[in-house]
Structure formats: structure tokens, C-alpha cells
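Everything on this sheet refers to the single structure shown next.
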Amino acid sequence: AGQGSRGAPPPMPGMPGMPGMGMSAQVTSRMSIPNASVGAVIGKGGSNISQVRQISGAKVKIHELAQGSQERVLEMSGTNEQVMTAQQLVQAFIANGGASAPPQY
């Protein structure tokens, strides 16, 4: 009696770099960060920026310092949720001066 919807396979986990996998549209967001905070965002050997990419699933790119500017542009792209998560993580690293951000549960 009644099969329900059990015939459908479970949704696959998000696979970064594969367009069309997610239901959400891709967005790109830019935020300016003080040049003095770039080290905190990148972390030792790129550990912090790698963590931001891994946790959020967003693509994160730090642009070179524009001549005469004191700020660097951080570009994040992915789904709206991924970009928002990346922004929160980046802000946490800046606030903590580069210390590993506590997990947000």
C-alpha cells in the first residue's frame, strides 16, 4: 500500500564548479577590506581563505591593491547563501584579527 516518493534518489551534495547543479542563481558580491586586514583574511599559508572557500562553498578572489588605495576588493561568487556565508566568515576573521573563526551553529 502506497509507495510514496521513495523512488527518487537522495539529492546529491553540492558539487562546486558544476554549473546548473544548484537550484539557486549564481551571484557575485564584492566587498572592500582594509589592506591591513588582508593578512587576517588570507591566514598563514592561505589557511583562512581556504577555510572560507571550503565552509561557504563560494569562490573567493582577492584583487590586487589598486594604486593609491588602502583597500583591497574581495570578490565572492556562488549561490546567495554561499556568498552570505563567505561574507560572514571573512568579517569574523577580520574581527578576530586572523584567528580561526568559531563555527557558527
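Bear in mind that the values in this text are calculations on the coordinates, not laboratory data. The model shown is predicted, which means the values in this text are computed figures rather than measured ones. Cβ: placed from backbone, ideal geometry, glycine included. Neighbour counts: every protein chain shown.
Would you mind computing, in nm to one decimal, how far apart the modelled labels at residue 30 and residue 69 are, each placed 7 Å from Cα along Cα→Cβ?
0.6
Could you give the radius of gyration (one decimal) and Dmax (whole number) of the Cα atoms in region 26-96, in Å?
11.3, 33
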